[in-house]
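Participant: Supplied in structure tokens, the structure appears directly below.
The values are calculated or read from the model by the stated rules, or taken from the named source; none is laboratory data. Owing to the predicted nature of the structure, the values given are computational and were not obtained by experimental measurement. No Cβ is skipped: glycine too gets one built from the backbone with ideal geometry, and neighbour counts run over all protein chains shown.
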Amino acid sequence: MTSDTPGANAATGSNQMAIAFAALLTGAIAMGISPVFVRLADVGSFASAFWRVAAALPLLWVWARMEQPGKGTLSGWSWPVVISGVLFAGDLFFWHLAILNTTIANATFLATLAPVWVLLGSSMILREKVTKPMWLGLLACLLGAAGLVGASLGLDPDRLVGDAYGLATSVFFGAYILATRYVRRSLGPGGLMFRSSLVTSAILAVVALALEPTLLPHSLKGAVALAVIALVSHAGGQGLLAFSLGRLTAGFSALVIFLEAVTAAAVAWAVLGEQLAAMQFLGGALILAGVWFARPRRERS
């Protein structure tokens, strides 16, 4: 008697979905700790963005080789892979510009608009179904994100350029998720992460050399902070995002990334002693509720 039955296939599919969701959840938490360690790194913001990607390359190379032990690292290149690396470089570049030219609250909230573009692009580009629970979950997550940034969120004519950078950040990150989902249909997460990170680090190296006076950390604490950002947030967080996008839709995955903001607030409270108000707790609860409501449902036979 074989297990190749509808019931067995459904159970296998459910297990794979559960593993992918657990990976995505862990990845969102790993990415969420990065802002705290960026503060602890004693280099400029563009330099930290470069090291975030470049220092992760050796580990990503090992991952790529384990996926394809008989092939060289030069195989598997395609234009979508290159575009994925360019888009992530744009995300990090505009994110740091937004931080420098507007409030942290505005930059954070505008960057969280990425799932809006992902849900729109999922149906138009990837031809993936976007359900009503996903849109309602997105609304709850956006309200939660507004609650997390608190009363400091606002419109100031003097900061419109910085706000535009924050909006550009959301567009680039949303497009990066769509590109990653597309590439994952034909390439493993390790191969994708190594190749796209090569492109990203090359672009950010030019940016850092042009805009940063200091590229190397001055202390052991700074070096450790950069290592954490590279190995945990990029190789771990972005790598788990790429892994999960091989199974989960781009739209739902983008909503789970909202948990990155919840993690950042929690770690800032635990490590840096930043206070959390009642509105921020409510915002975090709304994000959790939105993700839960938008979760994939098993269709009844």
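Participant: Report, ordered by the first and then the second residue, all pairs with beta carbons closer than 7 Å, sequence separation of six or more or different chains, a first member in the stretch 241-262 that is over 20 Å from ARG185 (Cα atoms), and a second member that is part of a loop (DSSP other than H, G, I, E, B) and of a type outside the set (Gly, Ala, Ser).
Facilitator: That search, which allows pairs on different chains as well, returns PHE258/THR112; ALA261/THR112.
Participant: Another question about this same structure. Mind listing whichever residues of the stretch 135-156 are farther than 14 Å from ILE287 by Cβ and modelled with pLDDT of 80 or more?
Facilitator: Hit for the stretch 135-156 is TRP135, nothing else.
Participant: Is at least one residue of the stretch 134-153 within 17 Å of the chain's Cα centre (by Cα), in a helix (DSSP H, G or I), over 21 Å from ALA264 (Cα atoms) and in contact (Cβ under 8 Å) with a residue 12 or more places away in the chain? Step through it out loud before you land on a result.
Facilitator: The first filter runs over the stretch 134-153 and keeps only residues within 17 Å of the chain's Cα centre (by Cα), leaving 138, 141-142, 145.
If we keep only those that are in a helix (DSSP H, G or I) as well, we get 138, 141-142, 145.
Cutting the leftovers down to over 21 Å from ALA264 (Cα atoms) gives us none.
Checked against the condition, which is being within 17 Å of the chain's Cα centre (by Cα), in a helix (DSSP H, G or I), over 21 Å from ALA264 (Cα atoms) and in contact (Cβ under 8 Å) with a residue 12 or more places away in the chain, the stretch 134-153 yields no hits at all.
Participant: Could you check, for the stretch 174-181, whether at least one of its residues is more than 24 Å from TRP61 (Cα to Cα), touching a Phe, Trp or Tyr at 6+ places or on another chain (Cβ under 6 Å), in contact (Cβ under 8 Å) with a residue 40 or more places away in the chain and surrounded by fewer than 22 Cβ atoms within 10 Å (Cβ to Cβ)?
Facilitator: Within the stretch 174-181, none of the residues are more than 24 Å from TRP61 (Cα to Cα), touching a Phe, Trp or Tyr at 6+ places or on another chain (Cβ under 6 Å), in contact (Cβ under 8 Å) with a residue 40 or more places away in the chain and surrounded by fewer than 22 Cβ atoms within 10 Å (Cβ to Cβ).
Participant: For VAL183, which of the numbered conditions (1) closer than 20 Å to GLY290 by Cα; (2) touching a Pro at 6+ places or on another chain (Cβ under 9 Å) fails to hold?
Facilitator: The number of the failed condition is (1).
Participant: Go through (1) closer than 24 Å to VAL271 by Cα; (2) at pLDDT 85 or above; (3) in a helix (DSSP H, G or I) for PRO35 and report which single condition fails.
Facilitator: Checking PRO35 against (1) closer than 24 Å to VAL271 by Cα; (2) at pLDDT 85 or above; (3) in a helix (DSSP H, G or I), the one that fails is (2).
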